[in-house]
Amino acid sequence: MSLFDKAKDAISKNPDQAEKGVDKAADAAKSKFGDHADKVDQASDKAKDYLRKDGRPEGA
């Protein structure tokens, strides 16, 4: 099993923890790049959307 497969498995078993990790990363990025907080928020929202659908492409 590759590292990517292990990560996907861990995320699927703990989606709430994965979203918390995205939030923590976003907070860290906003503290460093405060001028671009809106872009950081957009990126974190997209990451959470991706996690919620288990990384499946649209229509899959």
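The values are calculated or read from the model by the stated rules, or taken from the named source; none is laboratory data. Please read all numbers here as calculations on a predicted model, not as lab measurements. All Cβ positions, even for glycine, are placed from backbone atoms using ideal geometry, and neighbour counts span all protein chains on display.
Observations, loosely collected:
- Residues being assigned to a helix (DSSP H, G or I), exposed (fewer than 14 other Cβ atoms within 10 Å of the Cβ) and either among the polar types (S, T, N, Q) or modelled with pLDDT under 90 (or both) - total across the range 1-14: 8
- Of the residues Gly59, Gly55, the single one that is modelled with pLDDT under 95, surrounded by 10 or more Cβ atoms within 10 Å (Cβ to Cβ) and not in a helix (DSSP H, G or I) is Gly55.
- Selection of first residues in the range 13-32 that are under 13 Å from Ala47 (Cα atoms) and of second residues that are surrounded by 13 or more Cβ atoms within 10 Å (Cβ to Cβ) and of a type in the set (A, V, I, L, M, F, W, C), restricted to Cβ pairs under 6 Å at least 6 apart or on distinct chains, gives the following pairs, ordered by first then second residue: Ala18/Ile11; Ala18/Leu51; Val22/Ala47; Ala26/Val40.
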